[in-house]
Amino acid sequence: TSALKDKLTEVVPKEQEKFKKLKAEYGSKSLGEVTVEQALGGARGVKCMIWETSLLDAEEGIRFRGRTIPDLQKELPPASGEKGGEPGPEALFWLLTTGECPTPEQATALTNELHERAKLPDHIEPMIRSFPKDMHPMTQLSTAVTALQTESVFAKEYTKGLNKTKYWEAAYEDIVNVIAKLPEIAALIYRCTYYDGKVAPYDKSLDYSANFCRMLGYSDPEFDELMRLYLVIHSDHEGGNASAHTTHLVGSTLSDPYLAIASGFNALAGPLHGLANQEVLRWILDLQAHFQKEGKPVNEETIREFAWDTLNAGRVIPGYGHAVLRKTDPRYTAQREFALKFMPDDDLFHIVSTIYKVMPDVLLEHGKTKNPWPNVDSHSGVLLQHYGFKEENFYTVLFAVSRAYGALAQLLLDRALGFPLERPKSITSDWIVKNVK
Ligand code: FCX
């Protein structure tokens, strides 16, 4: 049984009706023009995709189904069951897919459903164990999830001749199954790459995040809270970002959810996107080591000097700038608040705070980036380090586990709403010269 699937069976026909009306009423209206500059510039600001689960405002940041991160912290049930605790990604997934906040019972029902679906098929574990230790964890993740595609209900049913009206139901099975299996896959990659390959037994009495932490090898309840926060805030950032968009695009070919999310993970693995979190941490550690060697303190002046060295070498400052945001990312702020509460005296946190003081001015003076403020990746690594999670090459895998919740919630809606194959029009430079007046 699935409480969420039952709920979606009520919600989906209403959503289908809503979209039918939307098309009839607004179908012929314009969403704005597209300039040559936008076509050359990575389609920034071109409105041509529907993404129901979240919306990004340049000034205010992300809202999930209309809710800010502080709203989620108030309105979603805490995963630990303790008042004031962080909600987990299960409760968020309920909200993203149905548009409604779950009751504590509904959130728990989804946690249990995920536990029931978590077991990996036999071929995955030996495959991960056989990967070379120097294969990047994101490559391991994407390969393992692609190999998990043997389990796709959508692919099997489609081959048998699935009726279009049933697409979402088959997609639901794959989507919830893949989310359920990610913690063990990620934990296997982590334990095999950096440790003895032993993964703690799966504990169904815990919520998704706490069980994930145990399998990774962490048992501090504070770290569980951090993991819940982490998995919630990295999940969704509207549809145009590379990992979400890739998942949506690949899924639009009716490639099944396993293949679609593995493609999204490959996009997340780029240094301008999710991989920036590992780059940030490296940048901070390099900075620390550099000035230690020179016998200088890490302060506003030396950070400024190091930032200019990076910029003058033709590199970007990781963790700063954004394609849409024009203010401090509220996902950064949520992590900063966590740090102020749980680790106000941490050395690396102080460095992150000092970087925050000086970097916007440096980037403004540099004069290139449209957004001199920090993004989500600027803070996450330092929080993980505090709890002993030091392997920065793995950080993007945590981002990926979270991103699966958001990108797959929308993928479910894509199939429920009958969204077609995505196929924007491309043009050549000659076409522009000939046709654009
Ligand atoms: N440091 C130095 N230069 C930067 C910069 C930064 N942090 N951010 C932007 N710029 C530069 C760009 O490289 C570009 O230079 P160019 O004209 O020589 O090509 C110029 O400023 C204009 O870019 P802008 O329009 O502001 O930014 P884009 O939309 O093109 O790119 C990203 C957005 C996020 C890719 C860019 O700000 C960047 O490279 N940041 C550093 C990497 C990073 O933190 N990525 C994570 C983003 C996000 F939160 C996530 O997906 O996880």
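Of all the residues in segment 357-378, those that are touching a strand residue (DSSP E or B) at 6+ places or on another chain (Cβ under 6 Å) and either more than 13 Å from the ligand (Cβ to nearest atom) or modelled with pLDDT under 95 (or both) number 0. Checking Arg403, Arg415, Arg423 one by one, the residue that is touching a His at 6+ places or on another chain (Cβ under 9 Å) and basic (Lys, Arg) is Arg403 and no other. Residue count for segment 199-223 under the criterion of being crowded, with 24+ Cβ neighbours inside 10 Å and more than 21 Å from Asn177 (Cβ to Cβ): the result is 1. Using the structure shown, decide if Leu275 is near the ligand (Cβ under 9 Å from one of its atoms) and either surrounded by fewer than 24 Cβ atoms within 10 Å (Cβ to Cβ) or acidic (Asp, Glu) (or both). It is true that Leu275 is near the ligand (Cβ under 9 Å from one of its atoms) and either surrounded by fewer than 24 Cβ atoms within 10 Å (Cβ to Cβ) or acidic (Asp, Glu) (or both). Of all the criteria given as (1) farther than 21 Å from Met227 by Cα; (2) surrounded by fewer than 17 Cβ atoms within 10 Å (Cβ to Cβ); (3) not polar (S, T, N, Q), the one not satisfied by Pro104 is (1). Of the residues examined, Gly264 is one that is within 16 Å of the ligand (Cβ to nearest atom), assigned to a helix (DSSP H, G or I) and under 26 Å from Gly45 (Cβ atoms). Scanning segment 40-63 for residues that are buried (at least 18 other Cβ atoms within 10 Å of the Cβ) and within 16 Å of the ligand (Cβ to nearest atom) yields Trp51, Ser54, Leu56, Gly61, Ile62.
Within segment 186-195, one or more residues are in contact with a Pro (Cβ under 9 Å, 6 or more places away or on another chain), closer than 20 Å to Leu259 by Cα and in contact (Cβ under 8 Å) with a residue 60 or more places away in the chain.
Here Glu86 meets each of (1) of a type outside the set (Lys, Arg); (2) surrounded by fewer than 23 Cβ atoms within 10 Å (Cβ to Cβ); (3) over 20 Å from Asn266 (Cβ atoms) with one exception, condition (2). In segment 305-324, the residue that is nearest to Glu279 (Cα to Cα) out of those that are more than 11 Å from the ligand (Cβ to nearest atom) and of a type in the set (D, E, K, R) is Asp309.
The values are calculated or read from the model by the stated rules, or taken from the named source; none is laboratory data. Keep in mind it's a predicted model, so treat the numbers as computed, not measured. All Cβ positions, even for glycine, are placed from backbone atoms using ideal geometry, and neighbour counts span all protein chains on display.
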